[in-house]
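**Q** Before I ask anything, here is the structure I am working with.
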Amino acid sequence: MPLTTKQIEAAKFGVSKERLPDGLGLYVRLYKSGTKTYETRVTCNDKRAWVQIGHFPDMSLKRARQIAGMVQIRIEEGLSLKQVRDALKAGDHSKIEDMVPASPGTVVIESLTFRELAKQWFDQKKLGLRNGKHIQQNWNTLETYIFPYFGDRPVTEVKVGDVIDAIRPIWHDKHETAKRVLGRVKEIFALAKIHEMRPDNPADFPPNTALGAVRKKTVHFGALPFEDIPALWEWLLTANCDEQTRHLVMLMILTAKRSKETRFARWDYFDMGTSIWTTPESLMKMSRLHRVPLSRQASAVLTNMRMLTGDAPFVFYKPKSKSRVICENAACNLLKKFRLGITAHGLRAGFRSWARKQGKYSHDAMEFALAHEQNSLEAAYQREDLIEERAIMMQDWADYVTGGANPLNFSPEESQK
């Protein structure tokens with residue numbers, strides 16, 4: 001979020017960060033002496049450099065934003081770093097802004113095109129995203145659906161009708177994509193509004209009114225009815241497949257964990273003394289630590305995997321793989337051999353249906369088992385993850401799936417056959 005004058009006044013060296021980001025390349029630098037200066041970071045001749053703009057509070061925050069925008073634009077157009085710095089030191093901004101109006105109330109950075117502002121937005125946005133594919137989708141969808149319409153037009157000239165014209169071709173045929181793209185465009189114009197480039201947001205309109213309502217179709221993951229999961233387990237025991245893949249699917253069934261959380265599990269996530277598997281926030285979809293109580297059968301699966309991967313850091317270690325773990329499609333491909341249409345995620349749906357059918361486990365216990373997101377009110381009052389209650393539920397589930405038997409133990413010699 002952009003800085004405010006009060007935030008800058010309250011900032012202290014050694015307490016706050018050395019440089020406070022305002023957005024769009026402007027920073028406020030704090031010095032031990034108490035001095036506070038405006039700086040912008042630029043790229044000149046493929047090298048990054050800091051340019052000091054002025055001092056706070058002698059220069060207003062709004063004026064610093066204007067000059068930061070001018071500096072970046074002029075350097076991109078060919079002014080040297082020395083010319084810019086000399087002009088700023090002399091207080092002569094004419095060399096910087098001679099082609100840009102600087103009358104009171106004019107925001108110089110308005111000359112940015114939508115594509116240029118989108119790049120600024122994307123550079124900030126990707127810092128908060130973890131999935132590489134998702135990060136690239138944010139930019140690729142803008143290139144495909146938005147830039148051909150108004151990517152090279154100044155941010156100030158884009159109107160509501162332009163946004164509607166860009167979204168309309170995909171609104172009904174690719175509705176989910178259209179909603180996400182419209183949301184990204186709305187965020188970009190919100191950034192323009194925050195930085196006083198324009199007073200409105202042309203992407204902020206009721207989409208169903210402008211583009212028409214779309215009948216939603218819920219598409220469920222290919223799930224296996226819970227009544228058939230014991231048959232899947234029996235088939236897994238003797239299926240002709242790689243042992244790591246067999247045990248990957250077994251562990252996913254017994255713990256109701258997602259594929260990514262299971263594939264990237266490390267041995268130090270497991271406490272076999274307490275029979276608890278703890279997945280860190282970095283691997284979780286909701287970015288919250290998740291504990292799973294291990295049933296007797298799940299512990300047996302891990303014992304077998306220890307024989308297979310030995311001292312490797314990952315449970316499902318594949319040294320020749322780029323990710324160093326088993327392929328993300330391994331589980332799905334094996335499940336398709338049992339029955340077409342089943343997905344790894346669908347196994348979780350089978351567990352949830354079984355648990356609900358029993359009528360003896362609390363709603364919270366079932367939701368914690370699946371690491372589903374709670375609403376804000378529930379999260380405020382729920383201080384524990386019901387691990388003891390879930391331990392009983394997960395053991396009951398494992399006994400149902402396996403008929404109470406453990407997976408067959410095997411020796412390292414057998415695993416190599």
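The values are calculated or read from the model by the stated rules, or taken from the named source; none is laboratory data. Small disclaimer: the values here were computed from a predicted structure and weren't measured. Note: ideal-geometry Cβ built from the backbone for every residue, glycine included; neighbour counts use all protein chains shown.
**Q** Tell me, which residue of region 245-277 that is surrounded by fewer than 21 Cβ atoms within 10 Å (Cβ to Cβ) and polar (S, T, N, Q) is nearest to residue 347 (Cα to Cα)?
**A** Per the criteria, the residue is 245.
**Q** Out of the helices (runs of 4 or more DSSP H) lying entirely within region 171-253, which hold 3 or more residues that are farther than 30 Å from residue 279 by Cα and either not assigned by TED's automatic domain parsing to the domain that holds residue 159 or not acidic (Asp, Glu) (or both)?
**A** 175-194, 207-211
**Q** Can you name the residue in region 132-171 that is over 16 Å from residue 118 (Cα atoms) and aliphatic (A, V, I, L, M) and is also surrounded by the fewest Cβ atoms within 10 Å (Cβ to Cβ) among such residues?
**A** Out of the qualifying residues, it is 160.
**Q** Quick check on region 121-179: of everything there that is among the small types (Gly, Ala, Ser) and under 24 Å from the mean Cα position of the chain (by Cα), which residue is modelled with the lowest pLDDT?
**A** Step by step, filter region 121-179, then rank; the result is 132.
**Q** Give the residues of region 193-207 that are at pLDDT 90 or above and surrounded by 10 or more Cβ atoms within 10 Å (Cβ to Cβ), sorted by residue number.
**A** Matches in region 193-207: 200, 201, 202, 203, 204, 205, 207.
**Q** From the list 362, 321, which one is surrounded by fewer than 16 Cβ atoms within 10 Å (Cβ to Cβ) and more than 27 Å from residue 244 (Cα to Cα)?
**A** 362
**Q** Mind listing whichever residues of region 270-299 are in a helix (DSSP H, G or I) and in contact with a helix residue (DSSP H, G or I) (Cβ under 9 Å, 6 or more places away or on another chain)?
**A** Those that are in a helix (DSSP H, G or I) and in contact with a helix residue (DSSP H, G or I) (Cβ under 9 Å, 6 or more places away or on another chain): 283, 296, 297, 298.
**Q** Could you pull out the residue among 293, 280 that is under 19 Å from residue 384 (Cβ atoms), under 30 Å from the mean Cα position of the chain (by Cα) and either crowded, with 20+ Cβ neighbours inside 10 Å or touching a residue at least 60 places away in the same chain (Cβ under 8 Å) (or both)?
**A** Being under 19 Å from residue 384 (Cβ atoms), under 30 Å from the mean Cα position of the chain (by Cα) and either crowded, with 20+ Cβ neighbours inside 10 Å or touching a residue at least 60 places away in the same chain (Cβ under 8 Å) (or both) holds for just one of 293, 280, which is 293.
**Q** Looking at region 46-62, can you tell me whether even one residue there is under 27 Å from residue 187 (Cα atoms), at pLDDT 85 or above and either touching a helix residue (DSSP H, G or I) at 6+ places or on another chain (Cβ under 9 Å) or in the same structural domain as residue 123 (by TED's automatic domain parsing) (or both)?
**A** Scanning region 46-62, I find at least one residue that is under 27 Å from residue 187 (Cα atoms), at pLDDT 85 or above and either touching a helix residue (DSSP H, G or I) at 6+ places or on another chain (Cβ under 9 Å) or in the same structural domain as residue 123 (by TED's automatic domain parsing) (or both), so the answer is yes.
**Q** Is it fair to say residue 57 is in contact with a Phe, Trp or Tyr (Cβ under 6 Å, 6 or more places away or on another chain) and surrounded by fewer than 19 Cβ atoms within 10 Å (Cβ to Cβ)?
**A** For residue 57, the condition - in contact with a Phe, Trp or Tyr (Cβ under 6 Å, 6 or more places away or on another chain) and surrounded by fewer than 19 Cβ atoms within 10 Å (Cβ to Cβ) - is not met.
**Q** Name the pairs: first residue in region 341-361 and without any contact (Cβ under 8 Å) to a residue 60 or more places away in the chain, second residue assigned to a helix (DSSP H, G or I) and not polar (S, T, N, Q), Cβ to Cβ under 6 Å, at least 6 apart or on different chains?
**A** The qualifying pairs are 355/366; 361/355; 361/393.
**Q** Consider residue 66 against the criteria (1) at negative phi; (2) surrounded by fewer than 19 Cβ atoms within 10 Å (Cβ to Cβ); (3) more than 29 Å from the chain's Cα centre (by Cα): it satisfies all of them except one. Which criterion is unmet?
**A** Against the list (1) at negative phi; (2) surrounded by fewer than 19 Cβ atoms within 10 Å (Cβ to Cβ); (3) more than 29 Å from the chain's Cα centre (by Cα), residue 66 comes up short only on (2).
**Q** Right, here's the next one. In region 308-329, is there at least one residue being under 22 Å from the mean Cα position of the chain (by Cα), modelled with pLDDT under 90 and among the acidic types (Asp, Glu)?
**A** Yes: region 308-329 contains one or more residues that are under 22 Å from the mean Cα position of the chain (by Cα), modelled with pLDDT under 90 and among the acidic types (Asp, Glu).
**Q** Considering region 126-170 alone, what residues qualify as being under 21 Å from residue 208 (Cβ atoms) and assigned to a loop (DSSP other than H, G, I, E, B)?
**A** 146, 159 - these are the residues of region 126-170 that are under 21 Å from residue 208 (Cβ atoms) and assigned to a loop (DSSP other than H, G, I, E, B).
**Q** Separate question: Can you list the helices (runs of 4 or more DSSP H) lying wholly within region 1-96 that have 2 or more residues being in contact with a Ser or Thr (Cβ under 6 Å, 6 or more places away or on another chain)?
**A** Per the criteria, 61-76.
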